[in-house]
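First comes the structure, then the notes that go with it.
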Amino acid sequence: RHVKMCWGEDVFHQVLEAKNVTAAREAVKNYAANGSITTAFERKNKVQRQFSHQQHTKWQTRAKIVQWVTESAHPFEIVNDTGFQCLMKMGRPEYYLPKPAVVSRDVRNMFVRARQQLAEKLQAYDSELNFATDTWTAPNH
């Protein structure tokens, strides 16, 4: 199950067909060396969203707000928006909402950690990487 989620169906079937551990490792190694960087980093487990009746903890709230702000490109100040606060505190006026400065700091910390993890993955990549820019289809071209 772990192999399917992290590596995908292709590698899973190659490993199942391998005759021994060495062949299985070779299949995974070949995938890592020959797969595109996009394939190597894309999320394999597209899990359906689940919702809970339990209220988020303070830390979970901060993490979810960071995720929402960054994925949707909202300004950090949105947590001060009256409509946002009404939605979040409806039925539970004591619900914790971080200040914009806290959201900003959390986004920065997450960026630093993600950058460090990406740097480690790229340094561990045992092949050449090619980067190119697409200036022909850029909106400012």
Filter on 4/64; 19/121; 29/64; 4/99 - keep pairs with C-alpha separation over 31 Å: 29/64; 4/99
In order through the range 82-92: 3J(HN,Hα) via Karplus (6.51 cos²θ - 1.76 cosθ + 1.60), integer Hz, x for Gly, Pro: 4, x, 4, 5, 4, 4, 6, 9, 4, x, 8
Per-pair calculated FRET efficiency, R0 = 35 Å: residue 25 and residue 78 via Cβ, rounded to 0.05: 0.15
Under Karplus coefficients 6.51, -1.76 and 1.60, residue-wise ³J(HN,Hα) of the range 14-28 in Hz, glycine/proline x: 5, 5, 4, 7, 5, 7, 7, 5, 4, 5, 5, 4, 5, 4, 5
Derived scalar couplings ³J(HN,Hα) [the range 105-116; Karplus, 6.51 cos²θ - 1.76 cosθ + 1.60; whole Hz; x for Gly, Pro]: 5, 5, 4, 4, 4, 5, 4, 4, 5, 5, 5, 5
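The numbers here are math on the coordinates, done by the rules we state, and not lab data. These figures come from a predicted structure and were not determined experimentally. Neighbour counts are summed over all protein chains in view; Cβ atoms, including those assigned to glycine, are modelled from backbone coordinates with ideal geometry.
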